[in-house]
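Beneath this line is the structure, given in structure tokens, with notes to follow.
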Amino acid sequence: GKDAADPMPAAMVEGAYDGLAVTDAAGRVVYANSTYLALTESAGEREVRPVERVFVGNPDVSEAVYRLVKAAREGRRLQEEVRIPGYRGEGVRRLRLRVRPLDEGGRAARSTVWSIADITRDRERQENIFQELQHAIDYLDHAPAGFFSADAQGRVQYLNSTLAGWLGYDLAEFESAAIRLDEIVRG
């Protein structure tokens, strides 16, 4: 009974950052934590929907959800990242969806665990870092000085466009290690 059950596993699942849901063999949700309810915008336990019904009609997510549902039916693990544009008029929302059998019984698995994680901020941070890196590369590439890097054997690994222009190389055709340092610097 509930009184004899250990409350720790239930508290761990309920307090998880990811939305977690368990579905039965027919695909009905038999359990969902509060994060799952929030991420799927379910008003309460009575309105909780399985992942495939949450994203029904969303062409940006439908192929990924199809692959996840297929994996669930086959008793396999699968993970997909989806991008949902125009979410609440605020921009793009990114989610990581996972599915796995509750027990590792393959096709005989009766229940499936679904998880949803909102990774929007993580991806935004990665994109911002990438943009900053692109700006630094662009600055370096068009600096008024020539820059290069070479490995320990003197093979040039990188040339900026300024130095490439001074040396008469087409940067678009430059291949890493195709030029040796002693070909461009004396002594």
Looking at GLU14, GLU41, which one is open to solvent by 80 Å² or more (accessible area, probe 1.4 Å) and either modelled with pLDDT of 85 or more or not hydroxyl-bearing (Ser, Thr, Tyr) (or both)?
-> GLU41
Considering only segment 172-183, state which residues are more than 14 Å from GLN153 (Cα to Cα) and either open to solvent by less than 60 Å² (accessible area, probe 1.4 Å) or of a type in the set (Phe, Trp, Tyr) (or both).
-> PHE174
Among the numbered conditions (1) in contact with a helix residue (DSSP H, G or I) (Cβ under 7 Å, 6 or more places away or on another chain); (2) among the β-branched types (Val, Ile, Thr); (3) farther than 30 Å from GLU52 by Cα, tell me where ILE116 comes up short.
-> (3)
Which numbered condition ILE116 misses (of (1) within 30 Å of ASN33 (Cβ to Cβ); (2) free of Cβ contacts under 8 Å to residues at least 24 places away in the same chain) | (2)
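Here is a yes/no grid of residues against (1) under 20 Å from ILE119 (Cβ atoms); (2) at pLDDT below 90; (3) assigned to a strand (DSSP E or B); (4) open to solvent by less than 50 Å² (accessible area, probe 1.4 Å):
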site: GLY57; (1), (2), (3), (4): no, yes, no, no
site: GLU63; (1), (2), (3), (4): yes, no, no, no
site: ARG67; (1), (2), (3), (4): yes, no, no, no
site: LYS70; (1), (2), (3), (4): no, no, no, no
Sort out for me the strands (runs of 3 or more DSSP E) sitting completely within segment 72-187 that have 3 or more residues that are within 30 Å of the chain's Cα centre (by Cα), among the aliphatic types (A, V, I, L, M) and at pLDDT 90 or above.
-> 93-101, 112-118
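The values are calculated or read from the model by the stated rules, or taken from the named source; none is laboratory data. All of these numbers come straight from a predicted model, not from anything done at the bench. In this analysis, Cβ positions are derived from the backbone assuming ideal geometry, glycine residues included, and neighbour counts consider all displayed protein chains. Accessible surface is based on the protein model in full, side chains and every heavy atom, while ligands, DNA and RNA are left aside. Shrake-Rupley method; radii C 1.70, N 1.55, O 1.52, S 1.80 Å.
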